[in-house]
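Coordinate-derived values only; no laboratory data. Values in this document were obtained by computation on a predicted structure and should not be read as measured data. All Cβ positions, glycine included, derive from the backbone under ideal geometry; neighbour counts span all protein chains shown.
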Amino acid sequence: MAELYLLTPPRIDASFAARLEVTLKMGIVSVLQVRLKEHNQAEILKLAPPLINIAYREGVTVIMNDAPDLAARLDCDGVHIGQQDASVEAARASVGPMAIVGVTCHNSRHLAMQAGECGADYVAFGAFFDTVTKSSTTRAGLDILSWWTELFEIPCVAIGGITVDTAPAVIEAGADYIAVCDGVWSHPDGPEAACAAFWQVLA
């Protein structure tokens with residue numbers, strides 16, 4: 001069964017930690033990606049530690065976006081890298097052999113197989129739907145999830161515009177994790193309501 005992989009909003013303030021704690025206490029989030037795209041490194045070093053500590057208290061795996069050096073410095077469980085970031089090998093050298101390295105593969109079977117061969121712990125496909133969180137130039141079809149899960153044991157993450165309404169399609173196609181950002185933080189009834197709804201979808 002698929003699990004919920006939650007991304008932070010790209011811009012937050014110090015008050016977000018309390019909001020995150022309430023959300024994670026719902027008990028449905030398996031992975032938190034610290035994705036503070038609109039902050040510089042100094043701001044991330046200040047804002048991220050409380051989020052990481054909250055996640056660890058709730059038993060949630062923590063992944064740092066883009067920056068293997070920050071992942072190691074902040075004692076995260078791993079790092080998620082894009083195609084323009086460090087290589088899998090370089091990321092692994094930074095975070096260590098036991099840490100998680102995930103790789104964005106867009107809609108490319110070739111990139112996914114290459115990532116797997118290089119030792120990635122998971123591959124991420126997307127975007128599957130329209131998303132306001134990230135400007136995406138690629139659109140992935142659900143068939144790539146089915147193809148991957150039929151052939152490979154490395155977990156796959158579906159990302160891009162996933163909400164309570166769109167999640168069932170990617171889950172049925174074979175996603176091991178559904179990556180959600182706006183679908184939780186911008187839910188009209190709040191993140192707790194979103195998590196409650198995802199409970200039903202993922203049950």
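Taken over the range 117-167, the criterion of being surrounded by fewer than 21 Cβ atoms within 10 Å (Cβ to Cβ), touching a residue at least 24 places away in the same chain (Cβ under 8 Å) and more than 29 Å from ILE12 (Cβ to Cβ) is satisfied by CYS118, GLY119, GLY141, LEU142, ASP143, SER146, TRP147, THR149, GLU150, PHE152, ILE154. When the test is whether a residue is surrounded by 15 or more Cβ atoms within 10 Å (Cβ to Cβ) and under 15 Å from MET1 (Cα atoms), GLY174 passes it. The sole residue among MET98, MET113 that is surrounded by fewer than 23 Cβ atoms within 10 Å (Cβ to Cβ) and within 20 Å of VAL62 (Cα to Cα) is MET98. The residue list ILE63, ILE12 contains one member that is in contact (Cβ under 8 Å) with a residue 12 or more places away in the chain, assigned to a loop (DSSP other than H, G, I, E, B) and buried (at least 20 other Cβ atoms within 10 Å of the Cβ), which is ILE12. Scanning the range 20-61 for residues that are among the basic types (Lys, Arg) and in contact with a Leu (Cβ under 9 Å, 6 or more places away or on another chain) turns up ARG35, ARG57. Taking the criterion of being farther than 19 Å from CYS76 by Cβ and either polar (S, T, N, Q) or touching a residue at least 60 places away in the same chain (Cβ under 8 Å) (or both), the residues of the range 91-116 that qualify are ASN107, SER108, GLN114.
When GLY141 is tested against (1) of a type in the set (Gly, Ala, Ser); (2) in contact with a Gly (Cβ under 8 Å, 6 or more places away or on another chain); (3) under 21 Å from VAL180 (Cβ atoms), just one condition goes unmet, and that condition is (2). Is the range 34-53 home to any residue that is buried (at least 20 other Cβ atoms within 10 Å of the Cβ), part of a strand (DSSP E or B) and within 15 Å of the chain's Cα centre (by Cα)? Yes, because at least one residue in the range 34-53 is buried (at least 20 other Cβ atoms within 10 Å of the Cβ), part of a strand (DSSP E or B) and within 15 Å of the chain's Cα centre (by Cα). Here the helices (runs of 4 or more DSSP H) wholly within the range 67-127 that include at least 1 residues being more than 13 Å from the chain's Cα centre (by Cα), farther than 24 Å from ALA55 by Cβ and not hydrophobic (A, V, I, L, M, F, W, C) are 88-95, 109-117. Residue count for the range 183-202, restricted to those that are over 24 Å from ILE154 (Cβ atoms) and without any contact (Cβ under 8 Å) to a residue 60 or more places away in the chain: 10. GLY119 satisfies every condition listed in (1) under 22 Å from ALA86 (Cβ atoms); (2) out of contact with any strand residue (DSSP E or B) (no Cβ under 8 Å at 6 or more places or on another chain) except (2).
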